[in-house]
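Peer 1: Mind looking over this structure? Questions follow.
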Amino acid sequence: MKTYNSITNVDVINYLYERGFIAQITNKNILNSILQSKSITLYCGFDPTSDSLHIGHLVPLLCLKKFQKFGHKPIILLGGATGLIGDPSFKDSERQLNPMNTIQQWIEKIKSQISSFIDLNSKNHPHNIHIVNNYTWFSSTNILTFLRDIGKFFSINKMINKDFIKKRLKEDNCGISYTEFSYNLMQSYDFFYLYKNYGVILQIGGSDQWGNIISGIDLIRRIYNKKTYGITVPLLTTINNIKFGKTEKNTIWIDPNKTSPYKFYQYWLNIDDKQVCSFLKIFTDMNIEQINFLEKKMNNNYFIPITKTTLAEKITKLIHGKQGLKSAQRITKNIFYDHPLDLTLEDFNQLAKDGIPSIILKKDITLQQALVESKLATSKSQARYFIESHAITINKIKQLNKQYIFNNTDRLFNSYTLLKKGKKHSCLIQWK
């Protein structure tokens, strides 16, 4: 049976620094002393801006799990209220406002996603992770009371001097609405409410949340004259410093219906070499000494794919479970290696979703036509050349007949055919 520390005599802060979880922190030494002397309650908030979390959300969630491991009590706040408003932090334009019923549906989906890789109700853990929704308290908050009791502690001078606010105010066609301008007060009130009702003394957030966290700390200090603390985790970015979730196109979602386990797995196999070991520290429980050993070995090209595979396997299993990992590995083996085709219907469905290029064709098409339609060949003459060169396979079987016409045996599950040119170029045919 897995056990957890009930006595928090671990140097949690230095541990988190070592694993790459801390970007900024308030009162480091005081907070570390508190963490080693007693169990605390902490929280991190997530606004539902979509029906799925993405991999950028994993960093603060896994940070909460680390605190739980060392005997502290984490709370996950889902922004049923703040999600209706929209956080303007470092956004170039006003967010689109989503309907309340949409926000609530997204919250339920996100709860389900979180529970799939974080045990919320473990009988073996004294400090289960608790989920709250800030719509619970904001829906019963009187606006006059809020403005009198909370708004009076916020200086407009300070608020408009924040970098992202100043930038938005300079934009003639954009600016910032009072709706988004008030977001800072709402997040600060969340911290205040959780301090008052749950004893929360630490807020965790992405590094773009530093200003909002500090505002919450100041609010609690001014009302109760008590110290609270904040930690920001690094924002997950590509090697080109593009934030995950910035656009739909580059977002790797947690929901397998939005990003298949295969694409998820492939993403980690193809990250930049320089990011592999830092991601191993954040996303896995591998020993630091093991990771440092692999980092040194990565000077040898032989170890690079081994290390990337280790990362891809561990994080895919964490998010999509054993079956999701097995499926991703099976598809990878079938697409990239000399191996008889043994894909399941679900595997093909993953490929059709987002795995490899795909086309929809009518039956009785020739192989030459299919190669051109799939862009594996630029012309029929080039298609004939590839066939003659033994470069073309249908469902992993070489096809040498230049006049070949697809038949029913090629249509696996009556729906799919895997067409390949060499080892690296593939196209999935979906039959009408």
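The values are calculated or read from the model by the stated rules, or taken from the named source; none is laboratory data. None of these values were measured; they are calculated from a predicted model. Here the Cβ is made from the backbone with ideal geometry for all residues, glycine too, and neighbour counts use every protein chain on show.
Peer 1: If you scan segment 33-48, which residues turn out to be of a type outside the set (S, T, N, Q) and not in a loop (DSSP other than H, G, I, E, B)? Let's see the steps before the verdict.
Peer 2: Filtering segment 33-48 down to residues of a type outside the set (S, T, N, Q) leaves 34-35, 38, 40, 42-48.
I34, L35, L42, Y43, C44, G45, F46 - these are the residues of segment 33-48 that are of a type outside the set (S, T, N, Q) and not in a loop (DSSP other than H, G, I, E, B).
Peer 1: Could you check how many residues of segment 277-304 are under 16 Å from L58 (Cα atoms) and either assigned to a helix (DSSP H, G or I) or touching a residue at least 40 places away in the same chain (Cβ under 8 Å) (or both)? Spell out the reasoning first.
Peer 2: The first filter runs over segment 277-304 and keeps only residues under 16 Å from L58 (Cα atoms), leaving 278-285.
Those still in the list that are either assigned to a helix (DSSP H, G or I) or touching a residue at least 40 places away in the same chain (Cβ under 8 Å) (or both) too: 278-283.
The number of residues fulfilling the criteria is 6.
Peer 1: Condition first: surrounded by fewer than 18 Cβ atoms within 10 Å (Cβ to Cβ), free of Cβ contacts under 8 Å to residues at least 24 places away in the same chain, under 22 Å from I331 (Cβ atoms) and among the hydroxyl-bearing types (S, T, Y). Now tell me which residues in segment 386-432 satisfy that.
Peer 2: T409
Peer 1: Find the residue count for segment 32-65, including only residues that are among the basic types (K, R) and within 27 Å of N250 (Cβ to Cβ). Break it down into steps so the answer makes sense when it comes.
Peer 2: First pass over segment 32-65, keeping only residues among the basic types (K, R): 38, 65.
Now drop any that are not within 27 Å of N250 (Cβ to Cβ), which leaves 65.
Within segment 32-65, residues that are among the basic types (K, R) and within 27 Å of N250 (Cβ to Cβ) number 1.
Peer 1: Have a look at L280, L269, L236 and point out the one that is assigned by the TED database to the domain that holds N133 and among the hydrophobic types (A, V, I, L, M, F, W, C).
Peer 2: Details: L280 fails: assigned by the TED database to the domain that holds N133; L269 fails: assigned by the TED database to the domain that holds N133.
The conditions single out L236.
Table: residues versus (1) assigned to a helix (DSSP H, G or I); (2) more than 21 Å from Y193 (Cα to Cα).
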residue	(1), (2)
L31	yes, no
S50	no, yes
L62	yes, yes
K66	yes, yes
W106	yes, yes
K109	yes, yes
S116	yes, yes
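Peer 1: Further, regarding this structure: For segment 183-201, name all the residues that are within 19 Å of L147 (Cα to Cα), within 26 Å of the chain's Cα centre (by Cα) and hydrophobic (A, V, I, L, M, F, W, C).
Peer 2: Answer for segment 183-201, where residues must be within 19 Å of L147 (Cα to Cα), within 26 Å of the chain's Cα centre (by Cα) and hydrophobic (A, V, I, L, M, F, W, C): M186, F191, L194.
Peer 1: Residues that are among the β-branched types (V, I, T), in contact with a Ser or Thr (Cβ under 6 Å, 6 or more places away or on another chain) and at pLDDT 95 or above: which strands (runs of 3 or more DSSP E) entirely in segment 337-432 hold 1 or more of them? Even if it seems obvious, please write down each step before you answer.
Peer 2: Values: elements: 358-361, 392-394, 416-421, 425-431.
Strands (runs of 3 or more DSSP E) meeting the threshold: 358-361, 425-431.
Peer 1: Right, another one. Select, from I214, I204, I176, the only residue that is more than 27 Å from the chain's Cα centre (by Cα) and either assigned to a helix (DSSP H, G or I) or in the same structural domain as L16 (by the TED database) (or both).
Peer 2: On the way: I214 fails: more than 27 Å from the chain's Cα centre (by Cα); I204 fails: more than 27 Å from the chain's Cα centre (by Cα).
Checking each option against the conditions leaves just I176.
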